[in-house]
Every structure is written in structure tokens, then in C-alpha cells.
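Report on one structure; see the data block that follows.
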Amino acid sequence: MKSESYRRRVGIIGWPVEHSVSPAMHNAAFEALGLRWRYERWPTPPEELAARIAGLRAAEVAGANVTVPHKQAVISHLDGIAEEARVIGAVNTIVHRDGRLVGHNTDWQGFLASLREAGFDPRGQRCAVIGAGGAARAVVYALARTGAAVAVFNRTVERAQRLVQDLKAHLPSAVLEAHGLDALVTVGEETALLVNATSLGMWPHVEGCPWPESQPLPAHLTVCDLVYNPLETRLLARARAAGCTAIDGLGMLVWQGAEAFRLWTGQMPSVERMREAALAALGG
Ligand code: NAP
């Protein structure tokens, strides 16, 4: 079918986007529901972001996903922003409705759904999150909302401190701490969940691992890696070898996509169809 025969279009805005599995995932879900929608790749260098966002106002465009490096920069180009995205400070989904472009963040919901399907309940637990970028902000927000206590560890400690400060302004009762990576040695018995929200371990630098090489992972931990390419990161391989429960990044990827799909179409997609398509696109 030619693209003009589709009724509505959505796409992914990033730089680069050629490796994104979102087109495969969403197009499979559109097909499964019999929707004549199409999900496209919209590679967008920073200097073309304003023009790209202006293009979303076309009648047939229902919205977009936003990825690296535009999740923060896109905010100033939108007409409105959902409360959660404003608190997190990052937009990964734009909805075009009645001529208005509204920014949302579905990463935090995707993360919580992936924990839920893995059988981990963060409520009242102590959690350690490595990283302080856009994904970490969504994860720390999600955990804090459930009432979990969160310690954030980041290479650039000032960025972790800013994350904690920003979230505390919106969630005053949240128990949040900021540390440098060297403080990871203090993660012990009282911590139930360890999350890697850095890009360490991501293809092509698959040897990367945020956990210190000299330190064994405590066996009682549930270890979640947001990296999904590869699905079995060095951190998860070490976690499994140590006897930990391991959760890969596919669940979050699929559930954040399902929530974006629901925002655009008003319908819940087949999450299993999306998972199969994402796995196939990842070569799994
Ligand atoms: P980002 O905003 O660029 O943040 C990158 C983070 O990684 C920062 O905390 C950075 O520390 C840290 N980092 C990078 N290189 C490092 C190194 N060599 N040593 C130590 N720390 C390092 O990226 P993001 O958007 O948050 O994404 C982070 C990861 O999450 C990516 O792998 C992405 O694919 C994944 N992700 C997965 C999903 C999913 O659905 N599964 C969703 C979103 C993101 P500094 O602050 O010190 O630079």
C-alpha cells in the first residue's frame, strides 16, 4: 500500500532513528486492530526540530514519539504538556488533537508495567537507580509515586542532585537521595531493586556495565536494565549468575509504546503482538 492510502500517520522524531524498533512494533499493532494507520521514521537533526514539530499540525498526523536527543528540547515547541511529563521534564509522546500539540511521558508507566508483569511490587521498597538522564527521571518519578525510597547514583553527581531536587519540589514526601557512582558499594541488604538507567552496556559497547567489576551483586536483588539492545546485557548476565532476579528492557519498551498507542487511537493495542514485533526487529 502507498503511504497516501493510510488514514492517519504517526512517527518517531529523533537523531538518529534508523535503529528504532517502534515502527515495527506499532505497525504490527495497527494491523492487528485493522486500523489504516502508519508509523514512520522521521530522522530530525536538532536544527530541524522546529520545522518537524510544525509539520505535526497536518490534519492526517495523529502525533509522534520523541527520542534522543529531543525529549527535553521539544517541550518549548508544544501547546501544552501533561502534568507527569512536566514533572519528569521530558516528553516521549506528542498527541495532535483539534489543532493542539500536547506532550506526554509514557516511559514511567511503561517502567511500572514492566515491573508488574515481572511480579515485582516497588511499594514501600528501597530502590537504587543508576543514571540521571531522561529515562532515569521517568523511573525515579515512577518509583517515588508508588512510595518507594530511591537512591540515585550518577557519574555526574550534580545531575543526580538536580533530579532529586526537581522531583522533591513536586513530591515533597518522597524519600530520595543523590550519590556519585563510587557510592554503589553501599548498596546492600536493605535495597530490593537495582535499575540501570544509563546507556552502559548498550550496543555496540556491549561490554559496558554500571556495577563495579570487583563487587559481586547481592543475590537478593531484583535487577532491571532499561537497555534493550542487547536484551541480555552484561549487567543482567552478571545478575543471573549471582542468583538475582533479572528484568530486561523489552517490557518497558513495549508498555510505553502501548500507552502512546492508546493516547493516539483511544484503543488499547495487543501488547503481545507489539512484543513479538519488537523482538523480531531486535533480531531475537
Ligand atoms: P541520557 O539522557 O543520554 O542519559 C544517559 C545516562 O547514562 C546519564 O546518566 C549518563 O551519565 C549515563 N552514562 C552514559 N555513559 C556513561 C558512562 N560511560 N559511564 C557512566 N555513566 C554513563 O539517556 P536516556 O534517554 O536517559 O537513556 C538511558 C538508557 O535507557 C539508554 O540505553 C536507552 O536506550 C534506555 N531506555 C530504555 C527505554 C525502554 O523502554 N526500555 C526507554 C528509555 C530509555 P552522565 O549524566 O554522567 O552523563
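Could you tell me the calculated FRET efficiency between H205 and D98, based on Cβ-Cβ distance and R0 = 45 angstrom, to the nearest 0.05?
0.55
Rank these by accessible area, largest first, 1.4 Å probe: W255, W203.
W203, W255
What's the extension gain from S5 to H19 if we count 0.36 nm per residue and subtract their Cα-Cα distance?
Values: separation 14, 0.36 × 14 = 5.04 nm, distance 2.54 nm.
Going from the current span to full extension adds 2.5 nm.
For the chain, what is the percent of antiparallel DSSP beta bridges, rounded to the nearest 5?
Of all bridge pairs located within the chain, approximately 20 percent are antiparallel.
Ratio of the chain's C-alpha Rg to 2.2 N^0.38 Å, to two decimals?
Its radius of gyration relative to the 2.2 N^0.38 Å reference: 1.00.
Excluding Q165 itself, calculate the net charge of residues whose Cβ lies under 14 Å from the Cβ of Q165, where each Lys or Arg counts +1 and each Asp or Glu counts -1.
With Lys, Arg at +1 and Asp, Glu at -1, the net is +1.
So between A280 and R86, what do we pick up on full extension, going 0.36 nm a residue minus the alpha carbon distance? Kindly include the intermediate steps, with their values, before the conclusion.
Working: separation 194, 0.36 × 194 = 69.84 nm, distance 3.36 nm.
Full extension of this stretch gives 66.5 nm more.
Given H placed 1.01 Å from N in the peptide plane, which residues other than close sequence neighbours of E40 have an amide H under 5 Å from its amide H?
V10, G11, I12
Using the Karplus curve 6.51 cos²θ - 1.76 cosθ + 1.60 with θ = phi - 60°, what ³J(HN,Hα) values do you get for each residue of the range 39-53, in whole Hz, with x for Gly and Pro?
Per residue, the Karplus-derived 3J(HN,Hα) values read 10, 10, 8, 10, x, 9, x, x, 6, 9, 4, 4, 5, 4, 5 Hz.
Ignoring ligands, DNA and RNA, please state the percent of accessible area on the range 125-190 from carbon and sulfur, probe 1.4 Å.
For the range 125-190, the apolar C and S fraction of the accessible surface comes to 47 percent.
For the range 1-154, what proportion of DSSP beta bridges, expressed in % and rounded to the nearest 5, is antiparallel?
30 percent
Extending each Cα 7 Å along its Cβ direction at A58 and E158, get the distance between those two points in nm, one decimal.
4.2 nm
I need the peptides 193-200, 52-59 ranked by packing, meaning the mean over residues of other C-beta atoms within 10 angstrom, with the highest value on top.
Output ranking for 193-200, 52-59: 193-200, 52-59.
Placing unit charges on C-beta atoms (Lys and Arg positive, Asp and Glu negative, everything else neutral), compute the dipole magnitude of the chain about its Cα centre in debye, rounded to 20. It would help to have the intermediate numbers written out before the result.
Details: 28 positive and 28 negative charges, 139 e Å.
The calculation lands at about 660 debye.
Could you tally the net charge around A90, taking each other residue with its Cβ under 15 Å from the Cβ of A90, Lys/Arg +1 and Asp/Glu -1?
Every neighbour counted, the sum reads 0.
For a paramagnetic label modelled at 7 Å from the Cα of E117 toward its Cβ, which residues of the range 196-240 fall within the zone defined by backbone nitrogen distances under 18 Å?
Answer for this model: 223-233.
Please list, by residue number, every one of the GluC sites (Glu not before Pro) in the range 86-189 that is coil in DSSP and has at most 14 other beta-carbon atoms within 10 Å.
E189
What does the convex hull of the alpha-carbon atoms of the range 125-262 project to on average, in nm²?
Computed as one quarter of the Cα hull surface, the answer is 8.2 nm².
Just by accessible area at a 1.4 angstrom probe, what is the order of I13, I81 from largest to smallest?
Details: I13 0, I81 55 Å².
Sorted descending by solvent-accessible area, the residues read I81, I13.
The values are calculated or read from the model by the stated rules, or taken from the named source; none is laboratory data. Quick caveat: nothing in here was measured; it's all calculated off a predicted structure. Cβ coordinates were reconstructed from backbone atoms using ideal geometry, including for glycine residues, and neighbour counts include every protein chain displayed. Ligands, DNA and RNA are stripped out before the accessible areas are found, and what is left, the full protein with its side chains, is counted by its heavy atoms. Shrake-Rupley method; radii C 1.70, N 1.55, O 1.52, S 1.80 Å.
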